[in-house]
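The values are calculated or read from the model by the stated rules, or taken from the named source; none is laboratory data. Keep in mind it's a predicted model, so treat the numbers as computed, not measured. Because the Cβ atoms are built from the backbone with ideal geometry, glycine has one as well, and the counts that use them run over all protein chains shown. These accessible areas exclude ligands, DNA and RNA; they are computed on the full protein's heavy atoms, side chains included. Shrake-Rupley method; radii C 1.70, N 1.55, O 1.52, S 1.80 Å.
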Amino acid sequence: LEFRRVLFRSIAARIPENAPVLLSLGEIDCRQRGGIFEVWREKTAGRSLDEVILGTISPYIDTVARSLPGRRVILCGVPASRSGNLQNLSPDDRRLYTGMVRQFNATQRELGREAGMGFLDLHGLTDAGEGQANGYWHIDAVHLRLDAYLEAFKHRFVPRSEEHTSELQSRFGISYAV
């Protein structure tokens with residue numbers, strides 16, 4: 001983990017001041033197998049899912065904030081899961097899992113906002129209801145098409161500030177922010 005942090009800081013140091021930086025955090029953490037959900041159920045007895053999510057996201061946000069001061073950081077939310085990826089879960093586990101992804105996004109959005117970062121709501125774009133993806137924006141069971149990101153910037157972007165909103169509206173024709 002420390003190696004990744006050092007590598008990230010090394011790369012971040014090369015990014016010019018005031019440059020926009022788009023970061024995708026959490027897609028692997030939110031995978032059904034090997035992610036937060038599985039770890040929480042099998043290895044974190046006595047800790048709430050919210051505690052595990054916060055304990056996962058907080059160090060990310062802290063590292064990003066410390067590594068990219070003076071940059072315009074935008075965090076990408078985790079998209080909703082395709083229903084086919086949820087078939088092996090019981091109805092109760094499916095609700096828990098989709099709620100976990102929703103909570104992960106909400107926590108990332110809030111902590112990022114507190115640290116002065118924008119948020120690209122890919123979950124809101126892809127959610128057909130109950131936390132399951134509509135499939136329209138996916139190229140496969142997991143990954144999104146490029147135009148999904150463009151659409152999210154137009155309609156599902158949460159800016160870090162009003163100044164940031166005005167700049168994006170003028171540069172990219174963004175007319176709506178969540």
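Here are some notes:
- The one condition from (1) crowded, with 20+ Cβ neighbours inside 10 Å; (2) closer than 18 Å to residue 29 by Cβ; (3) without any contact (Cβ under 8 Å) to a residue 60 or more places away in the chain that residue 96 does not meet is (1).
- Any pair with Cβ under 7 angstrom, 6 or more apart, that starts in region 21-46 at a residue that is of a type in the set (A, V, I, L, M) and ends at one that is part of a loop (DSSP other than H, G, I, E, B) and surrounded by 17 or more Cβ atoms within 10 Å (Cβ to Cβ): 21/68; 21/71; 28/35; 36/29; 36/30
- Screening region 120-157 for residues that are over 19 Å from residue 106 (Cα atoms) and of a type in the set (A, V, I, L, M, F, W, C) and picking the one that is most open to solvent (accessible area, probe 1.4 Å) gives 146.
- Exclusive hit being in contact with a Leu (Cβ under 6 Å, 6 or more places away or on another chain) and open to solvent by less than 50 Å² (accessible area, probe 1.4 Å), set 12, 19: 12
- Any hit, region 158-177, residues being over 15 Å from the mean Cα position of the chain (by Cα), over 26 Å from residue 62 (Cβ atoms), at pLDDT 90 or above and among the hydrophobic types (A, V, I, L, M, F, W, C): no
- Here region 47-61 is the region considered, the condition is being in contact (Cβ under 8 Å) with a residue 24 or more places away in the chain and within 21 Å of residue 6 (Cβ to Cβ), and the residue that is most open to solvent (accessible area, probe 1.4 Å) is 60.
- Options 61, 74: the member that is closer than 20 Å to residue 106 by Cβ and touching a Pro at 6+ places or on another chain (Cβ under 8 Å): 74
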